[in-house]
Structure formats: C-alpha cells, structure tokens
Amino acid sequence: MKASDWDERYAAHDLVWSAEPNRFVAEIVGPMTPGRALDVAAGEGRNAIWMAQQGWTVVAADYSTVAVERMRSLAADRLGDDLARLTPLVADATQPAPGGPAAYDLALLSYLQLPAPEWRQALREAVEAVRPGGRVVVVGHAGRNLAEGWGGPGDRSVLYDPDEVLERADGLPVTVEHSGIRERPVDTDEGERVALDTVVVLRREA
C-alpha cells in the first residue's frame, strides 16, 4: 500500500489498531532494561506509547502522515509528564533510520508486511540502526496463517514465516535469540479465533 492509501485508511477510522501494545511486544520488551528504541512502521503508536510508559525513549516512525498525527494526539492524552520520551515522525521503513547508525538499543518491526525485497531492506536498516548488543524484534503475520490461522493480509507475498525472516537476515551481523510461530487469540463476532504470528528476536553483533 502507498502512504496515501494508509492515510485514507487511518482517516476513515477513529482507531485502526488496538490501544494496547501487541502481546508479544509486551512479553519480549517488558523485561528489557529501557534505553533508546526505534519503532518502525509504528502506525498509531500503540507499542511506542507503551514503551515510553515503561521508561524507553522512543522514536516512532510511520510513512502515513495521518497515523503520525494521530500518534501525537494519543501520546499527548496518555503520556502526561512522559510525553518527551516519544518522538513521532514520518519516515519510510526502507530508508536509513532517523538518528543514524547504532543509535538505538532496540528496533521493533511489528506487523510491517511488505514484499520480500522491501522487507529485507527494512530489516537491514533496522539492524544498522541498533548498537552492538542491541536487539531487533520482529512480529508479523505468518505465511502459515493463510491456511491455518485467522485474519491478516490475504496476500502471501507480504507474509513471512520465521525461516523466511532468518533467510532475509542472512549476511547481516546478527545472532538469533528466538524464532518461532506463536498463536494469538482474536475475539470476533463468531467467537474466539486464533491467528498465527511470526516472532523473531535478533541480537546485533559487534
């Protein structure tokens, strides 16, 4: 989708995504010592706002201007004295990260669903953005979700299973700390369904 398409989608709804952080982001990032974080394709900022509440200093980037403006508004309502911990801005995930190389302790790619070449470039930029010892956390709709899960995009070309993430990380200066498929319960009008998500944690090498 183009930035203008996302602008239209965000403008058509009061809140496109949940106000709560993604369950896997909270599970993985929660125990970490807060530092500087980059939230790539942050949308309306649900994960970025939560991280700021946990003590992180967060740069949250999205290429939808409407999403970034909504993030600013939500942050002003929710963060109070911690508002300065969050910097929302418009940026493209496939371009060099704001702040320059090795500027962050954590880079988050949460449901960034792009075709393989663009996604590989976004991952490369995320790895470049974190310092040695820092982590890149990937959460996304799994390819297996099409046949075995519920919801998410219907285009296989923008989905990725864990092995595909590791393949796209090949050659990058990272080690794998975690890689797997996780089940995510989803409440629907027809009852609870289960979505399948890819969750990968990479650690930047020196």
Fill in: Cβ pairs under 9 Å, 6+ apart, first in the stretch 90-101 and within 20 Å of Met71 (Cβ to Cβ), second surrounded by 14 or more Cβ atoms within 10 Å (Cβ to Cβ) and hydroxyl-bearing (Ser, Thr, Tyr)
Val90/Tyr63; Val90/Ser64; Val90/Thr65; Ala91/Tyr63; Asp92/Tyr63; Ala93/Tyr63; Ala97/Tyr104; Pro98/Thr87
Item to complete: Inspect the stretch 98-115 for any residue being part of a helix (DSSP H, G or I) and over 16 Å from the mean Cα position of the chain (by Cα) and give the result as yes or no.
Response: no
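Each row is one residue, and each column tells you yes or no for (1) in contact with a strand residue (DSSP E or B) (Cβ under 6 Å, 6 or more places away or on another chain); (2) at pLDDT below 95; (3) not polar (S, T, N, Q).
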site	(1), (2), (3)
Gly171	no, no, yes
Ser179	yes, no, no
Asp189	no, yes, yes
Asp197	yes, no, yes
Leu202	yes, no, yes
Worksheet item: Where residues in the stretch 167-182 are assigned to a strand (DSSP E or B) and of a type in the set (A, V, I, L, M), which of them is nearest to Glu125 (Cα to Cα)?
Response: Val174
Worksheet item: Of all residues in the stretch 131-153, how many are more than 27 Å from Trp56 (Cα to Cα) and touching a helix residue (DSSP H, G or I) at 6+ places or on another chain (Cβ under 7 Å)?
Response: 3
Fill in: Count of the stretch 130-164 residues which are among the aliphatic types (A, V, I, L, M) and either within 14 Å of the chain's Cα centre (by Cα) or assigned to a loop (DSSP other than H, G, I, E, B) (or both)
6
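Hey, can you tell me all the residues within the stretch 70-88 that are of a type in the set (A, V, I, L, M) and in a helix (DSSP H, G or I)?
Hits for the stretch 70-88 are Met71, Leu74, Ala75, Ala76, Leu83, Ala84.
The values are calculated or read from the model by the stated rules, or taken from the named source; none is laboratory data. Quick caveat: nothing in here was measured; it's all calculated off a predicted structure. Glycine also receives a Cβ, built like all others from the backbone with ideal geometry; neighbour counts cover every protein chain displayed.
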